[in-house]
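Chemist: Just dropping this structure here.
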Amino acid sequence: MNRPGRNDPCWCGSGKKYKHCHMAFDDRLIAERDLGHEVPDHSLIKTPAQIEKIKESCKINIAVLDYVAEHIRAGVTTEEIDQWVFTETQKRGGIPADLNYEGYPKSVCTSVNEQVCHGIPSPDVVLKDGDIINVDCSTILDGYFSDSSRMFCIGNVSPEKKRLVEVTREAVAKGLEAVKPWGFLGDMAEAVHTHVEKNGYSVVREIGGHGVGLQFHEDPWVGYIGKRGTGMLLVPGMMFTIEPMVNMGKPDVYTSDGDNWAVYTVDGLPSAQWEIQVLVTEDGHEVLSW
Ligand code: MF3
Ligand code: CO
């Protein structure tokens, strides 16, 4: 860990002397590290100024998802959703973060039924009565990133699929409750998978959430299998997504060798996902995008 001298400016950019700013914080971080815990690098701790900028990006992301919520219905193609996201993001001064990300060809991910994530919008995918769909939306505003996703039920959805969507949403809420400063990422993970498994579903293991804000995908990687008291220490200023993919059947998934993006359940049963962007605060957490 890079520590300034007591009277030197703090690494956080506050302009205060280190001894009046993050010195005691770093002492605590080092004590936790000495206990064997994984602690965050200073680069993962956002400054108040950065948080303000990221929140502006999140406002656009939320507005775009609200737009999708108002217009999505049976008969709409996922291609149309892509056009909405592109237009509504640009209208508000943002850029869809998905577009051209590692060669991704569209502005949003639209994952229907047994698609787990990274479904590519297409004019051939027409939403029909009874479908469930995840719309995963990410925005860049002046270089600051936001990322969240919602599930939508199209028309008359079976009680089984509705329950999957609802339990997944509850799991995210339970995970969120477990997010607090000086807690651990594993506290959140345990809360998520416990709720999922109690309801007879499974959590996808190999795909998780991520740090976010200054880049699209930052450390830490955020899985949902972990145990309480393990995983990275959480401290104020950290920001990450909680975005479990919950399968009605088995947890196994595969990536389409057709488009190399879309992920599907191996057993063909439906999968659901909600994603929120969370900030760890001095006294708990704040949801910035949902
Ligand atoms: N929005 C996704 C996430 O939650 C990432 C999508 S990357 C893309 O992390 F390239 F597929 F768009
Ligand atoms: Co994400």
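Here, each number is a calculation from the coordinates, and none is a lab measurement. Keep in mind the model is a prediction, meaning the values are calculated, not measured. Every residue, glycine as well, gets a Cβ built from its backbone with ideal geometry; the counts of neighbours run over all protein chains shown.
Chemist: Please verify whether the range 214-224 includes one or more residues that are touching a Gly at 6+ places or on another chain (Cβ under 8 Å), within 16 Å of ligand 1 (Cβ to nearest atom) and among the hydroxyl-bearing types (Ser, Thr, Tyr).
Modeler: Yes: one or more hits.
Chemist: Being under 22 Å from Ile72 (Cα atoms) and within 12 Å of ligand 1 (Cβ to nearest atom) is the filter here; which residues of the range 128-147 pass it?
Modeler: Asn134, Val135, Asp136, Cys137, Ser138, Thr139, Ser146, Asp147
Chemist: With the requirement that a residue be within 17 Å of the chain's Cα centre (by Cα), surrounded by 19 or more Cβ atoms within 10 Å (Cβ to Cβ) and among the hydroxyl-bearing types (Ser, Thr, Tyr), what does the range 42-101 give you?
Modeler: If the condition is that a residue be within 17 Å of the chain's Cα centre (by Cα), surrounded by 19 or more Cβ atoms within 10 Å (Cβ to Cβ) and among the hydroxyl-bearing types (Ser, Thr, Tyr), then Ser57 is the only one that fits.
Chemist: Answer with yes or no whether Ile54 is in contact with a Phe, Trp or Tyr (Cβ under 7 Å, 6 or more places away or on another chain), touching a residue at least 24 places away in the same chain (Cβ under 8 Å) and not acidic (Asp, Glu).
Modeler: Taking the combined requirement at face value, the residue satisfies it.
Chemist: Kindly check whether there is at least one residue in the range 237-259 that is in contact with a Cys (Cβ under 7 Å, 6 or more places away or on another chain) and within 16 Å of ligand 1 (Cβ to nearest atom).
Modeler: Yes, that holds for at least one residue.
Chemist: Restricting to the range 57-107, name every residue that is closer than 15 Å to Ser149 by Cβ and free of Cβ contacts under 8 Å to residues at least 12 places away in the same chain.
Modeler: Listed by number, the list holds a single entry, Asp66.
Chemist: Among all residue pairs at least 6 apart or on different chains, which show Cβ distances below 9 Å where the first residue, located in the range 256-272, is within 13 Å of Tyr201 (Cα to Cα) and the second is among the small types (Gly, Ala, Ser) and buried (at least 20 other Cβ atoms within 10 Å of the Cβ)?
Modeler: From the range 256-272, the pairs are Thr265/Ser271; Ser271/Ser111.
Chemist: Any chance the range 106-119 includes a residue that's more than 13 Å from ligand 2 (Cβ to nearest atom) and of a type in the set (Ser, Thr, Tyr)?
Modeler: Yes: one or more hits.
Chemist: Suppose we filter the range 167-188 for residues that are under 23 Å from Val263 (Cβ atoms) and in a loop (DSSP other than H, G, I, E, B); how many remain?
Modeler: 0
Chemist: Now a separate question. Looking at the range 134-152, can you tell me whether even one residue there is more than 25 Å from Lys53 (Cα to Cα), within 15 Å of ligand 2 (Cβ to nearest atom) and out of contact with any Pro (no Cβ under 7 Å at 6 or more places or on another chain)?
Modeler: Taking every residue of the range 134-152 in turn, at least one turns out to be more than 25 Å from Lys53 (Cα to Cα), within 15 Å of ligand 2 (Cβ to nearest atom) and out of contact with any Pro (no Cβ under 7 Å at 6 or more places or on another chain).
Chemist: Restricting attention to strands (runs of 3 or more DSSP E) lying wholly within the range 189-287, give those where 2 or more residues are within 16 Å of ligand 2 (Cβ to nearest atom) and polar (S, T, N, Q).
Modeler: So the answer is 271-273.
Chemist: Also: Tell me the strands (runs of 3 or more DSSP E) entirely within the range 73-166 that contain at least 1 residues that are more than 20 Å from Thr255 (Cβ to Cβ) and among the aliphatic types (A, V, I, L, M).
Modeler: Fully inside the range 73-166 and qualifying: 132-141, 144-153.
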